[in-house]
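Notes to accompany the following structure.
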Amino acid sequence: MSITEKSERDAGRSGDAPEELGAAGAQLSTQPVDSLNSVPALGVVGWLRWMWRQLTSMRVALVLLFLLSLAAIPGSLIPQHSDALKVDTFKKHHPGISPLYERLGLFHVYSSPWFAAIYILLFVSLAGCIVPRTWQFVGQLRARPPAAPRHLTRLPAYSTWRTDADPDQVLKAAHKALRGRRFRTSLSAAGDVPGGSVAAEKGYLREAGNLLFHVALFGLLISFAVTSLNKAEGGKLIVEGDGFANNLTQYDDFSPSTLYGADDLKPFGFTLDSFDSKYETSGPDIGSPRVFKANIHYWNGADGKPVKGVIDTNHPLSIGGEKVYLIGHGYAPVVTVKDAQGNVAFQGPVPFLPQDSNITSTGTIKVPDALDKKGKPDQLAFTGYFTPTGDASAGPRSFFPGLDAPLLFLNAYHGDLGIDSGISQNVYQLDTKHMKQIKLETSTPGINAVALKPGEAITLPNGAGSLTFTGVKTWASFQISHQSGNETALISGAAAILGLMGSLFIQRRRIWVRASRGADGTTVVETGGLGRSESVRIADEIGALALQLQPDAPALPDDENDENGENGDGGAEVESTSRTASDTATRTDDEGARA
Amino acid sequence: MNIAAAVNENFANYSNYLIRSAMFVYALAFLAHLAEWVFGSRSKVAVQSAALAAETREAQEQDGGKAGTVAVKVVQRGGATTTLERPRPRIVPKVVTRASASDRGIADGPGAAGEDEKGDLYGRVAIAFTVLAWLLHFGGVLFRAISVQRPPWGNMYEFSTTFGMVAVGAYLVLLLMKKNVRWIGLFLTTSVLLDLGLATSVLYTSSDQLVPALHSYWLWIHVSCAIISGAIFYLAAVGTMLYLFRDRYETALAANREQNRRWADIMSRLPAAASLDKFAYRMNALVFPLWTFTIIAGAIWAQAAWGRYWGWDPKETWAFITWVAYACYLHARATAGWKGRKAAYLALIAFACFLFNYYGVNIFVTGKHSYAGV
Ligand code: HEM
């Protein structure tokens, strides 16, 4: 930055300081000057410089911030790709608009290019803003508080009186008093204005806080980036009694990231011994969950010893730095299916997925290995609902999430499951394209599903086989995540808050005291103050200082009843500086919050 | 039902009675404030003179001659006068402050009561009622907490009752600190009545315990901070709104434009636009760090509960939007050409985002946070 440019900046940045204060009012902050009205210099370099100035101006930062909040909105209203099921449902319901949404990236707003464009521009602007500001601030820290302006009575708050005390003594006292108030001070002898003066400044932490806050935002951005480059997340549904080992094949779903993939998975595992759930059994909240707890045994390393552990909703288990979260739970009816030959073609628990808070669940039992009467493969499938507490006459709807009266509602199919086609299939859904429904005998005409209690069985017509509902197991689903960058995020967050507090609660201000021998031989003491913004506070401070100086510079009675006493100012009556409403259209104060 | 449950039931009932009584007393406070405004309109200063510059209400020389006292006077054009008194010799150095560039030199209005004594009496009565109502309100929230045996912030009903309580509490604290905030009384009692009415009729849940996902002390930290932030943001929003009205009034006054007399009468009794703006800014700036902390506390909790500190869940997203909107407002106040009315609009947008997050997201959008008992 050239010298002239710098002084331009300084001059433009004077807070509420009246223009005539010059250097005294400059640099009370490091805020950049708005230069939007300036015309770019000719040439490519000129234009580039101009654009850079625009980008790093407060106004553009403001616009970008506003855009950022606007851009975040659609993602909260339109389903996002992290919830693939919801996106699919949405696409089904809105076939017209979906392709457009897709093209605009509205299903993954927060990783879309336009969202990135906004925050990257914002952060470039931020960098372009804080780097020079930091330099400037360092300069301010090393410099002395600027010398007193010529007319202290033009400051937003001032006080003046005459005293018999010697000017030097007054200044020394003022210097000491201001030091005592923890101002940075500098005492100077008489300069171009008659009389020596003390200059003092305080509240640098405001600027420091502000810079810290903005730097911390960078910290947050970086930790976000680190987290998303390094994280991996996988889901696994486990039925009571089953286990899990941390490798790709065992996951139901797994999303790696650029720097962390399936090869990086650490060897550990666990078994779900049992799952405890309790629900409110009475009152208005009947059915509300009260306790979810997964009792497990886990091991770390290829040949680690199994250790007992518990995972509940807010208490993930940490195994070797990886975290295992309890995400959901449900029921898995245990069934035995026999085919037409009388062979057990399938046996075991089949997880059903909850659809509502009473855990009405849907699921499919696929039996790929069934044979028909002639011994030819004829795959079977059963699909329907499970209700932990149901009523056959009320249809497949659960009344309570606990296992009080479990019922399994099933339809039966036979034919080709389509499993062999090689396309991976959703285990919870049945593709009935190549299957035929088997008519079952039910008590309710028109309804083809059979409601089974534990122990009951469906016998398929024509000796095609049977299904016995032998019991119910509970399953729990877990999320296994690898994360990094959390600590950086936390530290940055804390720094941001700290910085904000400095920036918003601390007031940066300057006080000057001048003492000079007046024409009548008495000493005229003038003190004046200037803040980033004016407020009664600075006036209070001046008042308190004036009081504190009384022992060393006792005030003499005023001769005239003149507000300004003898301030040698040639009668600039400050209070009568009348302002019209028009020049107040732009506000200029920004006092710190000290409410 | 076991004994403990019966006790809880009793406390829950007390809580409901207390909240209802509080509403009744708030209604009385509301009426008293209304009376204050009505009587105030009779007062002499009803319509302010257009003589702007001459408005300077210079505080008179105070009696610095009281034996053994020196007074340092802070004389502020058109504003309040602060006097510092210390035991000292008799002479009085004065501190003179210039009118700020932002202030038109128009004094704060005299308050709702104008200079009418009866109006003032009603205003005082209103505050007495407000204090009483607040105590009942506080009792209601406390008994609710006892009855549910946890912090009373588990569902929308509880959020809303606590929200109102904190807003009124903050107002009373400001009054105690001798801040000039009585002008907000009418607006505050109105909105607390609305808030409690909505809470007791639409949002009421006798929910006693929480779903396991909410069993975390970070929740209590997060939610209580959110409620406090919201309540203070709310006070700021009222200030901002009135600033916009009063600012228009002052602009018209300065331009000597004809104004609706009724309107002008009401406006003239409010604090000056500059004061309202300052009030709003201070409130906003005061809680912005707390709001930032609220979001971070939420992230910490999300990390524990869901395995990620940030997942763009609708509630998280709107908290972020609200945060950025407030940051935008704070920036605007430091940007030439954006101060004043434009910044005020941003503040209102930011508060609207907060409200949407509070009610809208719970009601219209489903996400991980949609447990909140609506
Ligand atoms: C990344 C997004 C940003 C956020 C969330 C943000 C937030 C904030 C907040 C909350 C304040 C208020 C503190 C106060 O009023 O003193 C502030 C002040 C400030 N910001 Fe930013 N900011 C961002 C980006 C920027 C950028 C890009 C610039 C550079 C043009 C910038 C320059 C400033 C300056 C100069 C101040 C001090 C204003 C003053 O002197 O009062 N900020 N920022």
Handout entry: Karplus-derived 3J(HN,Hα), 6.51/-1.76/1.60, for each residue of the range A:111-116, Hz, glycine and proline x
Key = 10, 7, x, 6, 5, 4
Problem - Gyration tensor (alpha-carbon) shape descriptor, the range A:240-322, a/c threshold 1.5 - result: prolate
Exercise for the section: Classify the range A:230-483 as rounded, prolate or oblate from the Cα gyration tensor: take a ≥ b ≥ c as the square roots of its eigenvalues, call it rounded if a/c is under 1.5, otherwise prolate when a/b beats b/c and oblate if not. Expected result: oblate
Exercise for the section: For every other residue with a beta carbon closer than 12 angstrom to the beta carbon of A:V337, add +1 if it is Lys or Arg and -1 if Asp or Glu, then tell me the sum. Expected result: 0
Completion exercise
For A:T271, the net charge from surrounding residues (Cβ-Cβ under 11 Å; K, R +1; D, E -1) works out to -2
Practice task
Let me know the charge dipole size of the range A:230-483 about its Cα centre in debye, to the nearest 20, where only the beta-carbon of Lys, Arg (+1) and Asp, Glu (-1) is charged.
Solution key: 280
Fill in the blank from the handout: Any trypsin sites (Lys or Arg not before Pro) in the range A:142-246 that lie in a DSSP loop and have at most 12 other Cβ atoms within 10 Å would be A:R182
Problem - Other-chain or far-sequence residues with amide H under 5 Å of A:Y331's (modelled H) - result: A:F352, A:W475
Exercise for the section: Using a/c under 1.5 as the rounded threshold, could you call the range A:437-506 rounded, prolate or oblate? The axes a ≥ b ≥ c are square roots of the C-alpha gyration tensor eigenvalues, and prolate needs a/b larger than b/c, oblate otherwise. Expected result: prolate
Fill in the blank from the handout: In the range B:227-309, the trypsin sites (Lys or Arg not before Pro) that sit in a DSSP loop and have at most 14 other Cβ atoms within 10 Å of their own Cβ are B:R257
Handout entry: Calculated FRET value between B:Y217 and B:Q149, using beta carbons and R₀ = 22 Å, to 0.05
Key = 0.90
Practice task
Indicate, rounded to the nearest 5 percent, the antiparallel portion of the DSSP beta bridges found entirely in the range A:230-483.
Solution key: 100
Handout entry: Under the Karplus curve 6.51 cos²θ - 1.76 cosθ + 1.60, θ = phi - 60°, whole-Hz ³J(HN,Hα) for the range A:263-275, x wherever Gly or Pro sits
Key = 5, 8, 4, 8, x, 7, x, 7, 10, 8, 6, 7, 10
Handout entry: Estimated inter-spin distance, B:E258 and A:Q437, nm [label 7 Å along Cα→Cβ]
Key = 7.7
Exercise for the section: Using DSSP to define loop residues, name the trypsin sites (Lys or Arg not before Pro) in the range B:137-183 whose beta-carbon has at most 14 other beta-carbon atoms within 10 Å. Expected result: B:K178, B:K179
Handout entry: Reachable lysines, given that their alpha-carbon falls under 25 Å from the alpha-carbon of A:K373 and they are not under 8 places away in the same chain
Key = A:K338, A:K433, A:K436, A:K439
Practice task
Between B:E117 and A:S282, take the C-beta separation as r, use R0 = 56 Å, and let me know the FRET efficiency to the nearest 0.05.
Solution key: 0.45
Practice task
Please work out the Cα center distance from the range B:192-206 to the range A:101-143, rounded to the nearest Å.
Solution key: 42
Exercise for the section: Express the Stokes-Einstein translational diffusion coefficient of the range A:375-515 in µm² s⁻¹, to the nearest whole number, given a Kirkwood radius over alpha-carbon pairs, 20 °C and a viscosity of 1.002 mPa s. Expected result: 103
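Since every read-out is calculated from the coordinates, none of them should be taken as a lab result. Everything numeric here is computed off the predicted structure, so don't read it as measured data. Neighbour counts run over all protein chains shown; Cβ positions are idealised from the backbone, glycine included.
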